[in-house]
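Quick one: the structure is below, and I'll ask about it shortly.
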Amino acid sequence: MAHPSLPLQRLRSLLAGERALAVVLPQARRLAELNRILSRSVPPGVARVCRLVALQGDTAVVFCAHGTAAARLRSQARSVAAALSATGDPVRTIQVKVRADWAMPEPPVKRGMAPTALKAWADLQASLPEGALKDAVVRLLQHQRSDSVSPYNPAHVP
């Protein structure tokens, strides 16, 4: 999990402001802690695509984004259940469900080049003779200067 506490912080601030929903906060904290344990108990690739969504009696319900992760989690069900039980909640079984439509975290935003890097490329472009290499550097600079790629959004790098 990339930022496990960020969604919980947002949830906590929303729930704290609304007394009727505040009763859900302890359950949300409990699920967040169980998800942290789950993510430490499985390989990182599986942890990124699986979330513990409920604890029903002694069964932990886990949603996975695809069958590969679900199969891996099922193969590790005993050790994961033992790790989850260490929190005081007895977990005997893991129920794994594949939910392809399940909302996954957004992929990380790809950052563009920093202004100093753009300037270095522009300097290189200015020093190159006409040809394929110079054309490629020009295309790279045009791509990096576009609004959709660079968070720096430099209007012009001399």
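Could you list which residues have their amide H under 5 Å from that of Val98, counting only those 5 or more apart in sequence or on another chain, with H placed in the peptide plane?
Cys64
On a straight-distance basis, which lysines could pair with Lys134 in a cross-link, Cα separation under 22 angstrom, same-chain partners fewer than 8 positions away excluded?
Lys119
Can you sort Val62, Val24 from fewest to most other Cβ atoms within 10 Å of each residue's own Cβ?
So the ranking, lowest neighbour count to highest, is Val24, Val62.
For the stretch 5-98, what is the charge dipole size about the Cα centre, in debye to the nearest 20, if Lys and Arg each add +1 at the Cβ and Asp and Glu each add -1 at the Cβ?
The calculated dipole for the stretch 5-98 is roughly 200 debye.
Throughout, read-outs are computed from the coordinates displayed, never taken from laboratory work. No experiment lies behind these values; they were computed from the predicted model shown. Backbone-built Cβ (ideal geometry, glycine too); neighbour counts: all protein chains shown.
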